[in-house]
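First up is the structure itself, then whatever we jot down about it.
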Amino acid sequence: MDCQNCGAPLNWDGSRPIIICDFCSSIRVIEAADGSADRVAELDQPGDSACPRCQEPLTVAAMDGVKVEHCRQCRGILIEGDLFASVVRNRRTNFRGAESRPVPLDAEQFKVVVPCPSCHRRMEVHPYYGPGNVVIDSCSDCRLVWLDSGEMAKIEIAPGSR
Ligand SMILES: [Zn+2]
Ligand SMILES: [Zn+2]
Ligand SMILES: [Zn+2]
């Protein structure tokens, strides 16, 4: 990822939702691309892990200014557990629209094994927010959450407390 003004390499540390070029001090605001279901902003910066679904190297991305890793192929998201909780809280609080209706849990979703991208052990599968609406994978040892494409959007509109 290079500075659009001077071409110097940019590196985002995740501390703020902007990147300031070390060389020319120009500011780049990190915004999600239109059409991203989960409102993820792709940054052209390699992540630390590989996608647990398709084994592609993950890239650094931002979700509401929070640093995540993102798969360009399947659009899954790897996020630290505490950051996930804060993004969920903010998005659900700010959501203005019709909530989705609860749907019965799809038992098939519990059979799919997702290896943790960090420790490679099997992630825990559990329902999240609104009975049966979303099933997510997490690793309690690494404090990581894996979200398949569209799951963040579903969590936002799921019924339940806000
Ligand atoms: Zn620059
Ligand atoms: Zn993937
Ligand atoms: Zn793990």
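The values are calculated or read from the model by the stated rules, or taken from the named source; none is laboratory data. Remember, it's a predicted structure, so these values are computed and weren't measured experimentally. For the accessible areas, the whole protein counts, side chains as well, though only heavy atoms, and no ligand, DNA or RNA atoms are used. Shrake-Rupley method; radii C 1.70, N 1.55, O 1.52, S 1.80 Å.
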Calculated from backbone phi, Karplus (6.51, -1.76, 1.60) coupling profile of the range 80-88 in Hz, x at Gly/Pro: 5, x, 5, 5, 4, 4, 6, 5, 4
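Per-residue ellipticity at 222 nm for the chain, helices alone: DSSP H runs ≥ 4 residues times -39500 (n - 2.57), over residue total, nearest 500 deg cm²/dmol?
Values: 2 runs with 21 residues, N = 162.
It lands at -4000 deg cm²/dmol.
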For Val134, distant residues with modelled amide H under 5 Å away: Tyr128
Solvent exposure, largest accessible area first (probe 1.4 Å, DNA, RNA and ligands not counted), of Asp82, Asp141: Asp141, Asp82
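When the Kirkwood radius is taken over all Cα pairs of the range 6-118, what Stokes-Einstein diffusion coefficient follows at 4 °C and 1.567 mPa s, in µm²/s? Could the numbers behind the result be given before it?
On the way: Rh = 16.0 Å.
For these conditions, the coefficient is 81 µm²/s.
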Long-range amide H partners of Gly150 with built H, under 5 Å: Asp38
